[in-house]
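Taking it in order: structure first as structure tokens, then the write-up.
Where a number appears in this text, it was derived from the coordinates with a stated rule and is not lab data. This is a predicted model, so every value here is computed, not measured.
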Amino acid sequence: MANGQILAPLAPTSPVNNTGGPTIQITSPQDGQRVPLGELMIQGISSDNKDNDCKVFADVNDKTPMRNVTAIGDSKEDDDFSKWTFTYTQDYQLIKEGENELTAKITC
């Protein structure tokens, strides 16, 4: 693809859960959005808050182990994953040319 752009389809593991369990969604980049090769920061939301005991993880192309994301919820607590961020770097895996499957997972 031209200009070092790739297609990065997103696949959150629990986009909406009607059973009352935890939910999670990658909000940026958008599904199918073209992004530059290399490092990529993603952002997301989940049903977690500072009072729940949840953890959020991310991976790319099913690379294991999944990595911990950074909590950035409105409460500013280290364990408030209602909003979160993660950056794919050289230390884990960079975004490569072609389709990349980005996944977020929540466990409580």
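Figures for the structure shown
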quantity: Distant-in-sequence amide H partners of Q33 (H built 1.01 Å from N, under 5 Å); calculated: A8
quantity: Kirkwood hydrodynamic radius of region 42-89, Cα pairs, Å; calculated: 10.9 Å
quantity: Cα-based reach from K55 at 20 Å (exclusive), listing aspartates and glutamates while leaving out same-chain residues under 8 positions away; calculated: D74, E77, D78, D79, D80
quantity: Under-5 Å amide H pairs with K83, H placed in peptide plane, nonlocal only; calculated: S46, I72, G73, D74
